[in-house]
Amino acid sequence: MQVISHTFPGGAELCAYLHEADESMPASLRCEHPAVIIFPGGGYAFTSPREADPVALAFLSMGYQTFILRYRTGESAGAKQPLEDAARSIAFVREHSAEWHIDPEKIAVLGFSAGGHLAASLGVHWNDAEIAARLGLSPQQARAALRPNAMVLCYPVITASEHAHADSIRRVSADCKEDVSYWALEQHVTPDTPPAFLWHTMADPAVPVENSLLMASALHRAGVPCEMHLFERGGHGMSVCTPEVNAPNAEAAEWVGLCRAWLCLHFGEPGGMGCRFTEPQK
């Protein structure tokens, strides 16, 4: 395993856990992998470690190249800065896809809570001209560079009206020229929004389940493929739902396997028959 870190302008940090394409490794690991970029939650006040490494290592074990973005939060969460960080992260991963043995057309963003809001924001606003300009991209270049191929939204903040997580929306909408409705993501779903996997608990006391329901309904209306799982019991911030993250929940822990199966529908099995092999580096 190779571990890489990179700091973007503004201070956001990207950490990567990568399979190495060494000739001594199994053939299934010497191929172009799909990738997952993880956005931990934290109400745009911080990024939760419980929704970072444990998740990255789980998906690494499935054959994914995994990345954790610690985007700008707190007083730096306004002015679209977290969205800029998310856009930079996917553009950076695509830029290095050959070097890191990644299929650039199989990159998912995976977010929890406010990180789910960020993942969905990139999914619906990847073509934001202001964000493209900050990265030096034309609107035409933005689609190839910034659009995720899939979204995984875990108990996400979605709406900015009724059922909103008020603190997240207040922080992320600060210092933005757009109306707060820009951050009501269910209002911006189009047929160009990437396919999505969502999960939530019915009893979530922090981010009401209506957030996922609103997003799933908007995706369905737009004809965007989506899958959603609702679990009767469980709170908020459950990550992979194991004792390791202090949130054991055997029922909700099924989301990891369900998500893997859904990603395989869209990306194929990592290291499977559709894998394109690369020559080991000399």
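Read-outs: derived from the displayed coordinates by stated rules, not from any lab. The shown structure was predicted, so the numbers you read here are calculated from the model rather than taken from an experiment. So basically every Cβ, Gly included, is an ideal-geometry build from the backbone, and we count neighbours across all protein chains shown.
Computed on the Cα atoms alone, the convex hull of region 53-105 gives a volume of 83 cubic angstrom per residue.
Under 20 Å from a label point set 7 Å out along the Cα-to-Cβ vector of E130, the amide N atoms of region 59-97 belong to 71-91.
Rounded to the nearest 5, what is the percent of antiparallel bridges among the DSSP beta bridges in region 2-267? Display every interim value, and only then the final one.
Working: 11 of 36 bridges.
So the antiparallel bridges in region 2-267 amount to around 30 percent.
Rounded to the nearest 20 debye, the dipole size of the chain about its Cα centre is 300 debye, using +1 on the Cβ of Lys and Arg and -1 on the Cβ of Asp and Glu. Using C-alpha pairs below 8 Å separated by at least 6 residues, the relative contact order for the chain is 20 percent.
Eigen-decomposition of the gyration tensor built on the alpha-carbon atoms of the chain gives equivalent ellipsoid semi-axes of 28, 22, 17 angstrom, largest listed first.
Taking loop as defined by DSSP and a crowding limit of 13 other beta carbons within 10 Å, which GluC sites (Glu not before Pro) in region 83-163 fit?
Those that pass, being in a loop and sparsely packed, are E99, E162.
Helical content of the chain, expressed as a calculated mean residue ellipticity at 222 nm, amounts to -8500 deg cm²/dmol (DSSP H runs of 4 or more residues, -39,500 (n - 2.57) each, divided by residue number, nearest 500).
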